[in-house]
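K.L.:
Supplied in structure tokens, the structure appears directly below.
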Amino acid sequence: MESMRDVNRVMEREIKKGSSPLKLDHIEFGDYSYQEIMSQEKLFEVLTYLLRIGDFKQYAGKTILNNVYMDLRWKKPAFKRTKTIMERNNIFATIRRYVKKLKPQYNGDVYLETVRCYFDISQENLEKCRYTYQGNETYAFLMSDKYIRALYTHCLVARKEYAFDSVKSNGLSDMELSMVKLEGVREVLFQALLLDDVKFEDDKMYTELSSIYLLC
């Protein structure tokens, strides 16, 4: 992985070229963070939702292009944006094959982790990103591929650093806290940063970093 100094330099250059200056402020866990996946059917349902395919393809609006997905096609995780539903279907097919190879038992060994990534942007720049989609007022952030992948890197680094920091319970069980610390994680089956679904809470803007873990 590139040094964070290099990543920040890339972001500064891309802002000068016109990317929205959206920056990671911090990440948070809470009682929403962990959901046990108790069957293969449920796992595939979660994947189709995150990838906006199948029954969830209606969620694939214009801003889905900003999402970053983990792809295992070349046996080594690559993090990429997608332009077409075919690309996302291919990612899904790859994950299906990988899951069948690993043979999870669905007896407490598969979990969906949801981390809230809070972002910061000046009010002036935020107003420039406001638009109306299907009758609803929302925001669209114009960011280059390099900027989005750098932003994703910030989120991954913050997630790893959180594992080593002192962790408050935030309503989490002891088992969930062990997952926060990445203890007992056998494989990361999938990850996605959903920048097409930016939410606001108490004037704070966040989106979700979703990870599916297979535990030992």
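Values quoted throughout were computed directly from the atomic coordinates according to the rules given, and no laboratory measurement underlies them. Computed from a predicted structure; not experimentally measured. Neighbour counts are summed over all protein chains in view; Cβ atoms, including those assigned to glycine, are modelled from backbone coordinates with ideal geometry.
K.L.:
Going by the structure shown, is GLU28 acidic (Asp, Glu) and under 25 Å from LEU126 (Cβ atoms)?
P.N.:
yes
K.L.:
Go through region 11-36 and give me each residue that's outside any helix (DSSP H, G or I) and either over 30 Å from VAL180 (Cα atoms) or without any contact (Cβ under 8 Å) to a residue 12 or more places away in the chain (or both).
P.N.:
Correct list: LYS17, GLY18, SER19, SER20.
K.L.:
Can you name every residue in region 30-54 that is surrounded by fewer than 19 Cβ atoms within 10 Å (Cβ to Cβ), of a type in the set (Ser, Thr, Tyr) and either in contact with an Asp or Glu (Cβ under 7 Å, 6 or more places away or on another chain) or under 24 Å from LEU172 (Cα atoms) (or both)?
P.N.:
TYR32, SER39, THR48
K.L.:
Considering region 28-53 alone, what residues qualify as being out of contact with any Lys or Arg (no Cβ under 7 Å at 6 or more places or on another chain) and within 16 Å of GLN191 (Cβ to Cβ)?
P.N.:
PHE29, SER33, TYR34, GLN35, ILE37, LEU43, VAL46, LEU47, THR48, TYR49, LEU50
K.L.:
Hand me the list of helices (runs of 4 or more DSSP H) wholly inside region 102-202 holding 3 or more residues that are within 21 Å of GLN35 (Cβ to Cβ).
P.N.:
145-164, 174-180
K.L.:
Conditions: (1) surrounded by 15 or more Cβ atoms within 10 Å (Cβ to Cβ); (2) among the aromatic types (Phe, Trp, Tyr); (3) farther than 25 Å from ARG88 by Cβ. PHE190 meets all but one. Number of the miss?
P.N.:
(3)
K.L.:
Output the qualifying pairs, or none if there are none: Cβ atoms under 8 angstrom, residues six or more apart or on different chains, first residue in region 73-98 and free of Cβ contacts under 8 Å to residues at least 24 places away in the same chain, second residue part of a loop (DSSP other than H, G, I, E, B).
P.N.:
Close Cβ pairs satisfying both conditions: ALA78/LEU72; THR82/ASN67; ASN90/ARG73; THR94/LEU72; THR94/ARG73.
K.L.:
Tally time: how many residues in region 37-73 are over 26 Å from LEU142 (Cβ atoms), not in a helix (DSSP H, G or I) and not hydrophobic (A, V, I, L, M, F, W, C)?
P.N.:
Within region 37-73, residues that are over 26 Å from LEU142 (Cβ atoms), not in a helix (DSSP H, G or I) and not hydrophobic (A, V, I, L, M, F, W, C) number 2.
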